[in-house]
Amino acid sequence: MSDPAKILVVQPSWVGDAVMATPTLRSLRLRYPNAEISYLMKRYVKPLYAGMPWADRLITYRTGKTKAKAGKGQFFDLAARLRSADFDMAVLLPNSFKSALVCRMAKIKKVVGYDRDGRGFLLSDRLLAPKEAGKFVPNPIIKYYLGLAHYLGAGRGGASGDLKMELFVTPAEKREAEAVLERGGLPRDIDRPGSHGQPPMILLNPGANYGAAKLWKAEYFAELADRFIEELGATVLISAAPKERPIVEQIKRHMKRAPVDLSNKGTDLGNLKEIIRRCDLMVTNDTGPRHIAAAMDVPVVTIFGPTHPEWTEIYYPKERQVAVKVFCGPCQKKTCPLDHRCITRVTPAMVWDKSVELLKAGSASEPQTTVVAGAGS
């Protein structure tokens, strides 16, 4: 087959996965410099792709909370929209059956993806995900997606071997971020004060869409934040989605000092990119903003609980992963059936040590994981 003129790339739905897809998106553009490349995505993740230079068109669709809003009619409408665009090839990053079905309904002849979720018969080009003893083995998503680009010939000359994640900020998003910071009582022009010899600005991200099992204790975030303020003179920001407001309120109740609460100041995925970019450090659960920090080249301390670090390894030298080793994990469960030991045994002192290390170093040569052996008995 000659190189396709019009390519559709179906994007992941999770924020973290979407950011981990960026090395693949960059590689596909390098592989097909003259093609018209469109991205298909759920509407709420569109801000992540704003300003991205590798796409010619962003196609979005809504997902309703009720069957009436997200039913068959909407699905057929999307297929019709894609059919009218007359794509030559579709590259599927998500593993879902629906992503393959809608591309077939759109009459796209070449559909490339992993043979998962029973969709193999819908794919023209089927890739096999790694397995051992019939079970899928942990495989970093960032490399998993890149495998699709490799299959299509990207990387000749080493172009697709770059695992660096990238996001971009538009002028409008920058202005929105400045307005959010101003509403939080901060100067509009504040930008990584720690790099200018001033006390650092540290962002806490205490939420996680995945489930309660990922959430580090609110009182631990509070203790850490107070220590940042008292010992480093830091400006501590807290960011969270609207539905995570109760977590923020718990943290504030446990704190002796006052943080800058941005969770009710109009933050969204677009301006959050710029807010994170201006910080000296982020401390976060294993969730989407962790990947945004890495893509914006901001040092990040990630607290791991039930999830397997290998699935979401990002190969970012300015990250420190903090976890404890327990007999029952990593279990990948959204709700802990026991006592949340994997996350509660990560102490504020552990996270403090890694945070100070990153703040002092500014950068590091190798990613590290702090694992406390024997803590899971």
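The values are calculated or read from the model by the stated rules, or taken from the named source; none is laboratory data. As the structure is a prediction and not an experimental result, all values here were calculated from the model. Here Cβ is always computed from backbone atoms with ideal geometry, including for glycine, and neighbour counts include all displayed protein chains.
Of note:
- If you check Met52, Met41 for being under 24 Å from Leu123 (Cβ atoms) and out of contact with any Asp or Glu (no Cβ under 7 Å at 6 or more places or on another chain), only one passes: Met41.
- Taken together, the residues in region 3-37 that are among the small types (Gly, Ala, Ser), over 28 Å from Asn285 (Cβ atoms) and either surrounded by fewer than 20 Cβ atoms within 10 Å (Cβ to Cβ) or free of Cβ contacts under 8 Å to residues at least 40 places away in the same chain (or both) amount to 2.
- Filtered by the rule that a residue be within 20 Å of the chain's Cα centre (by Cα), assigned to a strand (DSSP E or B) and not hydroxyl-bearing (Ser, Thr, Tyr), region 1-45 gives Val9, Val10, Leu40, Met41, Lys42.
- Residue check for Asp117: at pLDDT below 95 and assigned to a helix (DSSP H, G or I): no
- Residue within region 294-316 that is touching a Cys at 6+ places or on another chain (Cβ under 8 Å) and at pLDDT 95 or above present: yes
- The residues of region 65-83 that are at pLDDT below 60 and either in a helix (DSSP H, G or I) or under 17 Å from Val45 (Cβ atoms) (or both), listed by number, are Lys65, Ala70.
- The set of residues in region 263-307 that are within 16 Å of Tyr49 (Cβ to Cβ) and charged (D, E, K, R) comprises Asp268, Lys273, Glu274.
- Of all residues in region 125-151, those being in contact with a Pro (Cβ under 6 Å, 6 or more places away or on another chain) and surrounded by fewer than 15 Cβ atoms within 10 Å (Cβ to Cβ) number 1.
- Of all residues in region 248-265, those being within 16 Å of Glu182 (Cβ to Cβ) and among the charged types (D, E, K, R) number 2.
- Positions within region 183-197 being surrounded by 12 or more Cβ atoms within 10 Å (Cβ to Cβ) and more than 16 Å from Asp268 (Cβ to Cβ), in sequence order: Leu186, Arg188, Ile190, Asp191, Arg192, Pro193, Gly194
- Being crowded, with 21+ Cβ neighbours inside 10 Å and at pLDDT 95 or above is true of Ala234.
- Taking first residues from region 80-106 that are surrounded by 17 or more Cβ atoms within 10 Å (Cβ to Cβ) and partners that are part of a helix (DSSP H, G or I) and of a type outside the set (A, V, I, L, M, F, W, C), the Cβ contacts under 6 Å between residues at least 6 apart in sequence or on separate chains come to Leu92/Ser99; Leu93/Tyr145; Ala106/Arg83.
- Test: residue in region 240-260 that is closer than 22 Å to Leu48 by Cβ, surrounded by 24 or more Cβ atoms within 10 Å (Cβ to Cβ) and more than 14 Å from the chain's Cα centre (by Cα): no
- Residues of region 246-294 that turn out to be farther than 23 Å from Thr22 by Cα and outside any loop (DSSP other than H, G, I, E, B), as a count: 11
- Taking (1) modelled with pLDDT of 95 or more; (2) closer than 28 Å to His291 by Cβ in turn, Pro140 satisfies each apart from (1).
- Checking region 286-309 against the condition returns a match, with at least one residue being of a type in the set (Asp, Glu) and either buried (at least 19 other Cβ atoms within 10 Å of the Cβ) or not assigned by TED's automatic domain parsing to the domain that holds Leu358 (or both).
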